[in-house]
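Take a look at the structure set out below.
The values are calculated or read from the model by the stated rules, or taken from the named source; none is laboratory data. Being a predicted model, the structure only gives us computed values, none of them experimental. When we count neighbours, we look across all protein chains shown, and the Cβ atoms used for this are built from the backbone with ideal geometry, even at glycine. Heads up: the accessible areas ignore ligands, DNA and RNA and are worked out on the full protein's heavy atoms, side chains in. Shrake-Rupley method; radii C 1.70, N 1.55, O 1.52, S 1.80 Å.
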Number of protein chains: 2
Amino acid sequence: MAEIQSLAKGLKILNLLEHSRNGMGTTEVATQLEIDKSSASRLLHTLAKYGFVEQDQVTARYLLGPQLVTLGQHLLNRITLRDHARPYLHELVDKTGECAHLAILAQRQALYIDQVESTAALRVESEIGTLSPLYCTALGKILLAFGDSRIPDELTPFTHRTVTDRSTLEAQLAQTSKRGYAIDDEEYNYGVRCVAAPVYDHKSALVGAIGISGPAGRVTLERIDEFGAVVISIAAALSARLGYDLNLR
Amino acid sequence: MAEIQSLAKGLKILNLLEHSRNGMGTTEVATQLEIDKSSASRLLHTLAKYGFVEQDQVTARYLLGPQLVTLGQHLLNRITLRDHARPYLHELVDKTGECAHLAILAQRQALYIDQVESTAALRVESEIGTLSPLYCTALGKILLAFGDSRIPDELTPFTHRTVTDRSTLEAQLAQTSKRGYAIDDEEYNYGVRCVAAPVYDHKSALVGAIGISGPAGRVTLERIDEFGAVVISIAAALSARLGYDLNLR
DNA sequence: ACGCATGTTGCGTATTATGCAACTTATGTT
DNA sequence: AACATAAGTTGCATAATACGCAACATGCGT
């Protein structure tokens, strides 16, 4: 279906602004989108009128607006899985000493919807709200193996360990669903290993994935099975807890 | 300036979806915006393409999409005031036993960017991301009295205590800036009193407001001055903490 | 004060969003 | 099970409107 172009342009502007450190000016936006200054100006004004962007009082550059916080937070509040999962994330941190994460499938990617940091680890930038690829993260592989199993066409490498071969990945996914947990062995970030397991609702339908992630030095390959067992048991406990009252998808 | 209408329609759809419990269908959206089904269909597809809305797999109804979480969270992470303020919000809760909130000025409204709940109070729905009016909330009155002092044209009442008279409000604001803290005496929600104080950066420019809110039974008018003093002292401590390294607006 | 860069407004044109109607798909009813 | 009703999508001609150009306005640095 043909997209509404002026709406699409507006949405593209929002995505542009996400990646700019200190906001953008009209001309800068126009250049990036390859449109005229005047169009950029009018689009920005419309976005501003509805609170999706905001002009910095001092620099007059456009920044993402409060309406996005409002809508984003509103959506997070809807996702009751998150509320249920919180204590289990803490339990994961207690038992493993590593950071714990919760993700669901969204837009054919892994959407991180909550995290609990380990006390040991140095402060990590919040990952909540981040979309990550399915094929090279532990949480993502869970969502692929147990849920929507269509492997993306492009397997872009992030490290030299990223699996870019389709059949290798398929084998990994088969292994994952067999043993019940997934591994990311420095396939997305160097020096970081992750272990994840599936979370089910009462109908045994996949709703998300939880897991841990930590430095390769601590999360060694020898101890992977051990970590896997912990993650699986807690994921199972959470699934049981969700029982019959989960109203997520 | 004339707004880009098709962009505006798309943004309006996002706002509509915020207030729907279980998503909306194409026809429903079309009715609300008074446009044709076909237009609604095309707009929704465009929003979906960029992840701003998502179709429920089961019901096929449209919901707010993950991109909003991504962008909203991204914006929250930028706001360093929030990081600095967190311990002070906890301190407020410890000292008063009531819920603590942090807000900044956005879109001529009070944008709640963080909260810490009191252990005493029953679980309150998260207010983070909420936009509230300036003229009838304690945090808002602070932003009015110490920051942008233009009083809105319309003073819509929320309770019978809401101040709808312009000059009365002006007097209250004068009193507020004189004594250093603001009160919301059941002016926004029945049974809820709030007390708030201003947060400044190193240039003595207002950056936000923090305060507490609790049931009128506990936050009595006799103890208001006492609460005010606590809130002021913590707001001052936070302002001092912000010192010379705040990079917010 | 001057020049340069950025941002906004007016206007004619061409693109494109729109509404209608026909068609397709899903849902629920007797 | 067949029908009726509702919801959603597509094709198309028309009307609306978004667009780019150019002129104007504003702000910044030298």
Run the Debye formula on the Cα coordinates of chain A, all scatterers equal and no solvent, and tell me log10 I(q)/I(0) at q = 0.16 1/Å.
-1.12
Tell me the accessible surface of B:TYR112 in square angstrom (1.4 angstrom probe, heavy atoms of protein chains only), to the nearest ten.
20 Å²
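Just how large is the dipole of the stretch A:133-188 about the Cα centre, in debye to the nearest 20, putting +1 at every Lys and Arg Cβ and -1 at every Asp and Glu Cβ?
On the way: 6 positive and 9 negative charges, 50 e Å.
Computed charge dipole of the stretch A:133-188: roughly 240 debye.
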When the accessible area of each residue in the stretch A:3-33 is compared between its chain alone and the complete protein assembly (1.4 Å probe; ligands, DNA and RNA ignored), which residues differ by at least 30 Å², being lower in the assembly?
A:GLU3, A:ILE4, A:SER6, A:LEU7, A:LEU11, A:ASN15, A:GLU18, A:ARG21
Tilt, helix B:224-242 to longest principal axis of chain B (alpha-carbon atoms), in degrees rounded to tens, equals 70 degrees
Run the simple label-point estimate for A:ASN22 and A:ILE151 please: 7 Å along Cα→C-beta, distance reported in nm.
4.6 nm
Virtual spin-label span in nm between A:THR164 and A:ALA216, 7 Å along Cα→Cβ
1.8 nm
I'd like to know which of A:ALA100, A:LEU7, B:ALA216 lies farthest towards the positive end of the charge dipole of the protein assembly as shown, counting +1 on Cβ of Lys and Arg and -1 on Cβ of Asp and Glu.
A:LEU7
So which lysines pass the test for A:LYS178, namely a Cα distance under 29 Å, with those fewer than 8 places away in the same chain ruled out?
A:LYS95, A:LYS141, A:LYS203
So if I restrict to the alpha-carbon atoms in the stretch A:1-142, what is the Rg, and what is Dmax, the biggest pairwise distance, in Å?
18.7, 57
How far is A:GLU222 from itself in the other copies, in nm, if each label sits 7 Å out from Cα along the Cα-Cβ line, shortest first?
6.8
For B:THR164, go 7 angstrom from Cα along the Cα-to-Cβ vector, then report the distances to that same point in the other copies in nm, smallest first.
6.8
With a 1.4 Å probe and every protein chain left in place, work out the accessible area per residue of the protein assembly as shown in Å², rounded to a whole number.
45 Å²
For B:ASP114, which sequence-distant residues (separation of 5 or more, or a different chain) have an amide H within less than 5 Å of its own amide H, given hydrogens modelled in the peptide plane?
B:LEU102
Please report, for B:LYS49, the nm distances (one decimal) from its label point, 7 Å out from Cα along the beta-carbon direction, to the equivalent points in the remaining copies, shortest first.
2.3
Accessible area lost on pairing A with B, both sides, 1.4 Å probe, Å² to nearest 100?
5200 Å²
Report the accessible area of B:MET1, computed with a 1.4 Å probe over the heavy atoms of all protein chains in place, in Å² rounded to the nearest 10.
150 Å²
So if I place +1 on the C-beta of Lys and Arg and -1 on the C-beta of Asp and Glu, and nothing else carries charge, what would the dipole magnitude of chain A be about its Cα centre? I want it in debye, nearest 20.
460 debye
A correct Karplus calculation of ³J(HN,Hα) over the stretch A:24-30, with 6.51 cos²θ - 1.76 cosθ + 1.60, θ = phi - 60°, whole Hz and x for Gly and Pro, returns 9, x, 4, 4, 4, 4, 4
With all protein chains present, chain A has a carbon and sulfur share of its accessible area (1.4 Å probe) in percent of 49 percent
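Which value at 222 nm does chain A reach when only helices count, each DSSP H run of 4 or more adding -39,500 (n - 2.57), with the total divided by all residues and rounded to the nearest 500 deg cm²/dmol? Can you show the working numbers first?
Details: 8 runs with 107 residues, N = 249.
Result for chain A: -13500 deg cm²/dmol, rounded to the nearest 500.
First check a/c for the stretch A:130-240, with a ≥ b ≥ c the square roots of the eigenvalues of its C-alpha gyration tensor; if it is under 1.5, answer rounded, and if not, answer prolate when a/b is larger than b/c or oblate otherwise. Each step should come with its number before you reach the end.
Details: a/c = 1.83, a/b = 1.16, b/c = 1.57.
Verdict is oblate for the stretch A:130-240.
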Helix A:80-96 versus the longest principal axis of chain A: what angle, 0 to 90°, nearest 10, using Cα atoms?
50 degrees
For the stretch A:133-150, what does the Karplus curve 6.51 cos²θ - 1.76 cosθ + 1.60, with θ = phi - 60°, yield as ³J(HN,Hα) per residue in whole Hz, taken in order and with x for Gly and Pro?
x, 7, 7, 9, 10, 5, 4, x, 4, 4, 5, 6, 6, 9, x, 6, 9, 6
Estimated FRET transfer efficiency (A:LYS178, B:HIS90; beta-carbon r; R0 45 Å; 0.05)
0.50
Checked against the positive end of the charge dipole of the protein assembly as shown (+1 on Cβ of Lys and Arg, -1 on Cβ of Asp and Glu, about the Cα centre), the farthest of B:VAL69, B:ALA174, A:PHE52 is A:PHE52
Convex hull of Cα atoms in the protein assembly as shown, direction-averaged projection (nm²)
25.1 nm²
Given the stretch B:5-70, report the % of alpha carbon pairs whose separation exceeds 20 Å.
14 percent
Test of understanding: in a Gaussian network model of chain A with alpha carbons linked when under 10 Å, which of A:ALA236, A:ALA110, A:ALA171 would top the mean-square fluctuation ranking?
A:ALA171
Crossing angle, helix B:166-179 versus chain B [Cα axis fit, 0-90 degrees, rounded to tens]:
50 degrees
Among the lysines, select those whose C-alpha is under 21 Å from the C-alpha of B:LYS37, and discard any that sit fewer than 8 residues away in the same chain.
B:LYS9, B:LYS12, B:LYS49
Largest-first ranking of B:ARG218, B:ARG150 by accessible area, probe 1.4 Å, whole protein assembly kept, is B:ARG150, B:ARG218
Name the chain B residue with the Cβ nearest the axis that maps B onto A: which is it, and what is the distance in angstrom?
B:GLY72, 1
